[in-house]
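Written below as structure tokens is the structure these notes are about.
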Amino acid sequence: MARRNPPPGSQTSLREANRARLVDALKRHGRLTQVELAGSTGLSPATVSNIVKELTASGLLHTSVTSRSGRRATLVSLARQLGLVAGVHFSSRQLRIAIADSARVIVTESTLPLALDHRHDAELDRLSLLLGDMMDSLGSSLSDLLAVGLALPAPIDPRTGMVSTPGLLRGWEGVDVAAALSERIGRPVYVDSEANLGGLAEAREGNGRSASSSVFIRVGHTISAGLIVGGDLFRGVNGKAGQIGHVTIDENGPICRCSNRGCLETFAGGPALLSLFPPGDGMRRLSDLLQAAEAGDGSSRRVIADAGRHIGVAAASLCNMFDPELIVVGGELAQAGEILMAPMRHSLERSALPSATGLPEIVAASFGEWAEARGAIAVALDQVTVDAQALPFSA
């Protein structure tokens, strides 16, 4: 039913704006207490309480009792029955899919291995089938998906939706991936780089949540970073901001896949680390290296520590330019924990410009290798329209 637009500046218009502000805060952060909602929206606690009661009664919001600092509090989220979104992460060697409700609660997930040089056409066909199967298992269909977020292991030009730098993701270049997947499944799709979406997840609901600015460094088969300012991504003009895997470490070093010499990836990326071992050592994947290091193998631990030192040097340069409050380390190699991060801290202390408040803290990602899929869920929810007058979602 059509609803007449209230005149600007009227009491009704103000109430609708306040409802929309509150709903947008929940879309952005997932679940918040009423006190946190007041702080996030700038609305008074009384106004927040009234809106929450109204929208809960209409079925748009869900409330539950929790505690904060030992005190009873009301936790607020979007109602779960409003719909589902999917977060997809194509890394270099694995495909991860998570389907979540509007409160960001994961209802089903799946992980599959990928060939090293996978191509967009075959993998998008497979993804379409997998999404359909996963929705079927929930008693739903693809038409019930509100939106899909998708993370790729390469910088994405925000203007075109395509891989912005040739050579970084062969088999996916020159393709509008969002349009290609949307055509297959009939749902809206939003694409960004894996580092950006991993950083978004950590900034929205993970270890970077309290930081005013942060850097998410993803270390695995490839190396990249997502830059967060005020809770939002900084992508740059072509989407290439944060590509520290292609910071030059040695201008006379090995040729990189980006065609330059001596990039960080040629010293600390997964293939470079595995190439340091003789073929008979069984080091075929990063998981082999991590298992050996955990078992106490000295060579494996040394290789990871050296990678941490190189990454720390690049992170120091990034800190000198970007000046973040926090560095979050994710990706498969982050599972090495302090074997990787202690040398990173040492390099940061040696190379970053000091300040009165000290250097940025380096912490592990709170969502492990699912950070990118959770960030894809977040970006999908960002694009979903929620009517604060308690009408259904519209994609």
Enter the angle in degrees (range 0 to 90, nearest 10) between the Cα long axis of helix 298-322 and the first principal axis of the Cα atoms of the chain, meaning the one along which they spread out most.
60 degrees
GNM on the chain, C-alpha springs below 10 Å: top fluctuator among 119, 374, 15?
15
More than 11 Å apart: what percent of Cα pairs in segment 165-206 qualify?
71 percent
Label-point gap, in nm, between residue 281 and residue 65 - each point 7 angstrom along Cα→Cβ
5.8 nm
Build a GNM of the chain with springs between Cα atoms under 10 Å: which of 228, 97, 185 gets the top mean-square fluctuation?
185
Per residue, the convex hull volume that the Cα atoms of segment 105-206 enclose (Å³)
116 Å³
Tell me, what is the percent relative contact order of segment 89-164, built from C-alpha pairs under 8 Å that lie six or more residues apart?
27 percent
The chain: radius of gyration and largest Cα-Cα distance (Dmax), Å:
22.2, 75
The summed charge of the residue 319 Cβ neighbourhood (under 13 Å; Lys/Arg +1, Asp/Glu -1) stands at -2
Per-residue ellipticity at 222 nm attributable to helices in the chain (runs of n ≥ 4 DSSP H, -39500 (n - 2.57) apiece, nearest 500 deg cm²/dmol) works out to -11500 deg cm²/dmol
Before I look further, what does segment 238-341 give for accessible area per residue, probe 1.4 Å, in whole square angstrom?
46 Å²
To the nearest 0.05, the calculated FRET efficiency linking residue 251 and residue 46 through their beta-carbon distance, R0 being 51 Å, is 0.25
Compute the Kirkwood hydrodynamic radius of segment 193-251, taking the inverse of the mean of 1/r over all pairs of distinct Cα atoms, and give it in Å to one decimal.
11.6 Å
Report the label-to-label distance for residue 183 and residue 13 in nanometres (one decimal), using points 7 Å from each Cα along the Cα→Cβ vector.
4.3 nm
At q = 0.12, 0.18, 0.22 Å⁻¹, what log₁₀ I(q)/I(0) does segment 171-295 have when each alpha carbon counts as one equal point scatterer in the Debye sum?
-0.62, -1.10, -1.19
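The values are calculated or read from the model by the stated rules, or taken from the named source; none is laboratory data. Keep in mind the model is a prediction, meaning the values are calculated, not measured. Neighbour counts run over all protein chains shown; Cβ positions are idealised from the backbone, glycine included. The accessibility values were calculated without ligands, DNA or RNA, using every heavy atom of the protein model including side chains. Shrake-Rupley method; radii C 1.70, N 1.55, O 1.52, S 1.80 Å.
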